[in-house]
Amino acid sequence: MCGIVGYVGKRKVVPVLIEGLRRLEYRGYDSAGVAYLQDGELHRHRCEGKLINLEEIMEEVSADSRIGLGHTRWATHGAPSQRNAHPHCDCTGKLVVVHNGIIENYHSLREELQEKGHTFISETDTEVMAHLIEEHLENDLVEAVRMAITLVDGSFALGVMWSEQPDQLVAVRNQSPLVLGVLEDSGTFLASDIPALLPFTNSVVFLDDQEMAVLKKGSWQVMQAESGELVEKTPQVIDWNVGMAEKAGYRHFMLKEIFEQPQAVLNTFRGRFDPETGEVLLPEINLSKKELAQIKRISLVACGTSWHAAMVAKYWLEKWARIPVDVDIASEFRYRSLILNPNVLVVPISQSGETADTLAGMRLAKSMQAKIITICNVVGSTMTREADGTIYTHAGPEIGVASTKAFTAQMVALFLLTLFMAQAKKTISGEESRSLLSVLLELPVLIEKNLLRIQDEMMPISEEFSRSRDFLYLGRGINYPIALEGALKLKEISYIHAEGYASGELKHGPIALIDRDMPVLALAPRDSVYPKVLSNVEEVKARHGRMIVIGTEGDDELQRISDYVITLPEIHEDLNPILYTIPLQILAYQIANIRGCDVDQPRNLAKSVTVE
Ligand code: AGP
């Protein structure tokens, strides 16, 4: 979604803003703009499309300014166009605003402001903010912003600059992330996400909801938006470096992130269990043994790929910890009649920790006294700060919009949570724990060993099916969510229509779609439901569907029933979902590439979905 960058300090501001915005490109956007102050005047440049267009404009401009704001916009109110691109101005042309989120009551505010004589140029909800602040502006920008936001419903992260107070930026956050980057005496940065700050500083201050910040060259202050009372904040040092958010020679972030999975898996389980005893150690859960013993139900809440990780975890938790598990899509969870209480453990799962629906579901669960443990990849993100505890996935920054390494790392974290709960409830023996963990220990090497081979073997399959119109993915039991994930990956980056099905469901409808043009990918490891999956594959074959099977090394039966086979080493069936995800990511990546799609920034999608 939209990206915000701001800077005030010793450096020239335009290169800082452009560099910061480039680091936020992955979030998805369709126009970009910057504004800066120079010799007491406000300058603004905006354009439709990619950042490169803005860079070309800025090459023609010689700006020596040291204070400014930048923005990448993902259109919500009004089409992607130069007119609707941020920053937006007030009537005087002296004040600018950049905004992420949605002003829900913008329509009525706009009418009121128009009646008072304000002239609107764009169709955006954001422009309302510029005029609303102008309406309250006498001689103090901070005061005017404070008064304006009391009139606004909705979510916002705002950056505001006024040429009459040319040494400061004002920022405010409500339900949309904002973070400061601080460099002692040389400058202060503002961003909607950490990667924008990494080229400049690792020292960050996260704003909480309803907090405002005033940024100056060598200082910063945070205050409560409502009362104006100062809030004490200590900068946190983030252990991500700028190289982690770069392509490192790979053609795309997505490919790099697929190949980083051995490390992401290893980093997520490393130090979290004792291989001798099999005991899983998760002190970050912050729940006492007594509290753990009282948990009667687990509720997993997430969106998209993270929801698929939750679906896999249900199989694990119910099997090993013998606890009933609900899995909810967050946007549904928050609108049903929930039955939650202190004996329910709610686990919001999110790569970004900022997804609006998941966050809202988590807050609702918290208000109903449920315990909250989040699984998250981004240190300091909103969910991690509001949950009772966080199990971090240590996948490193994930830039490609299509989630890959964060997904496999989420499954690892959930697997550890499963064993942790099972051990607390004494539903698993030491021997079983040790044996499962020994498989987990081997996974990074197994993935590493097979990545290049899968890539090679998948290429002819990708070439053959890159022009297909539809795709079906089949999986059964614990691999059903992986079929859903494979289909999601393909549709989001290649724009091919794809559906994932529990393979037993095939005969209840989707089998009508099978003909000679329909590629069907089946996950058929030699596990406890293998014979059932084979029967489903036979049903497809009998109707001349084009069959791709991912199965177990040495399984000769697969050649007979399929057009293409990719095999993987045999491991404990519970951990197959982690391994079987890899070929599906590679298939989607290759097909998207062959079709010439923008793999890292697919159309209409955003990395971090911070609106409902
Ligand atoms: C994954 O490929 C998707 N882009 C998307 O479904 C994503 O998983 C979803 O938006 C949830 O994001 P989160 O994990 O950051 O909450």
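Brief remarks on what is shown
- Among residues of the range 227-261 being modelled with pLDDT under 90 and acidic (Asp, Glu), the one that is nearest to residue 140 (Cα to Cα) is 239.
- Taking the range 288-322 as the range and being of a type in the set (Gly, Ala, Ser) and modelled with pLDDT of 95 or more as the test, the residues that pass are 299, 302, 304, 306, 309, 310, 313, 321.
- Scanning the range 501-545 for residues that are open to solvent by 10 Å² or more (accessible area, probe 1.4 Å) and small (Gly, Ala, Ser) yields 502, 504, 509, 512, 528, 535, 542.
- Counting only residues that are in a helix (DSSP H, G or I) and either open to solvent by 60 Å² or more (accessible area, probe 1.4 Å) or among the charged types (D, E, K, R) (or both), the range 293-306 holds 1 of them.
- Criterion violated by residue 350 - all others in (1) touching a Cys at 6+ places or on another chain (Cβ under 9 Å); (2) near the ligand (Cβ under 10 Å from one of its atoms); (3) open to solvent by 10 Å² or more (accessible area, probe 1.4 Å) satisfied: (3)
- Residue 157 being open to solvent by less than 40 Å² (accessible area, probe 1.4 Å), within 19 Å of residue 86 (Cα to Cα) and either in contact with a Pro (Cβ under 6 Å, 6 or more places away or on another chain) or of a type outside the set (Asp, Glu) (or both): yes
- Test for residue 601: is it over 12 Å from residue 490 (Cα atoms), within 12 Å of the ligand (Cβ to nearest atom) and polar (S, T, N, Q): yes
- Every residue from the range 308-339 that is touching an Asp or Glu at 6+ places or on another chain (Cβ under 6 Å) and of a type outside the set (Val, Ile, Thr): 308, 330, 331
- Here residue 553 fulfils each of the conditions (1) open to solvent by 60 Å² or more (accessible area, probe 1.4 Å); (2) out of contact with any Pro (no Cβ under 9 Å at 6 or more places or on another chain) apart from (2).
- Scanning the range 15-50 for residues that are closer than 11 Å to residue 71 by Cβ and not in a strand (DSSP E or B) yields 17, 20, 21, 24, 29.
- So residue 532, is it assigned to a helix (DSSP H, G or I), of a type in the set (D, E, K, R) and either outside the structural domain of residue 563 (by TED's automatic domain parsing) or touching a Gly at 6+ places or on another chain (Cβ under 7 Å) (or both): yes
- Some residue of the range 313-327 being within 24 Å of the chain's Cα centre (by Cα), away from the ligand (no atom under 16 Å from the Cβ), over 18 Å from residue 419 (Cβ atoms) and touching a residue at least 24 places away in the same chain (Cβ under 8 Å): yes
- Scan the range 385-396 for residues that are more than 12 Å from the ligand (Cβ to nearest atom) and either part of a loop (DSSP other than H, G, I, E, B) or crowded, with 22+ Cβ neighbours inside 10 Å (or both) and the total you get is 6.
Okay, residues lined up against (1) within 14 Å of the ligand (Cβ to nearest atom); (2) surrounded by fewer than 24 Cβ atoms within 10 Å (Cβ to Cβ); (3) in a helix (DSSP H, G or I):
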site	(1), (2), (3)
369	no, yes, no
373	no, yes, no
378	yes, no, no
399	yes, yes, no
407	yes, no, yes
418	no, no, yes
422	no, yes, yes
431	no, yes, yes
434	no, yes, yes
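- All positions within the range 533-546 that are farther than 14 Å from residue 557 by Cα, out of contact with any Phe, Trp or Tyr (no Cβ under 9 Å at 6 or more places or on another chain) and charged (D, E, K, R): 539, 543
- Residues (of a type in the set (Ser, Thr, Tyr) and either open to solvent by less than 10 Å² (accessible area, probe 1.4 Å) or not in a loop (DSSP other than H, G, I, E, B) (or both)) located in the range 75-114: 106, 108
- Contact map, the range 481-496: residues that are in a loop (DSSP other than H, G, I, E, B) paired with residues that are surrounded by 24 or more Cβ atoms within 10 Å (Cβ to Cβ) and modelled with pLDDT of 95 or more, Cβ distance under 8 Å, separation 6+ or inter-chain. Pairs shown: 496/471; 496/490; 496/591.
- Test for residue 327: is it outside the structural domain of residue 207 (by TED's automatic domain parsing) and either open to solvent by less than 20 Å² (accessible area, probe 1.4 Å) or at pLDDT below 95 (or both): no
- Residue within the range 4-14 that is assigned to a strand (DSSP E or B), more than 24 Å from the chain's Cα centre (by Cα) and among the aliphatic types (A, V, I, L, M) present: yes
- Pairs with Cβ under 8 Å, 6+ apart, first in the range 516-534 and farther than 14 Å from residue 473 by Cα and without any contact (Cβ under 8 Å) to a residue 40 or more places away in the chain, second open to solvent by 10 Å² or more (accessible area, probe 1.4 Å) and in a strand (DSSP E or B): 516/546
The values are calculated or read from the model by the stated rules, or taken from the named source; none is laboratory data. Because the structure is a prediction, the values reported are computed rather than measured. When we count neighbours, we look across all protein chains shown, and the Cβ atoms used for this are built from the backbone with ideal geometry, even at glycine. SASA here: full protein model, heavy atoms, side chains in, ligands and nucleic acids out. Shrake-Rupley method; radii C 1.70, N 1.55, O 1.52, S 1.80 Å.
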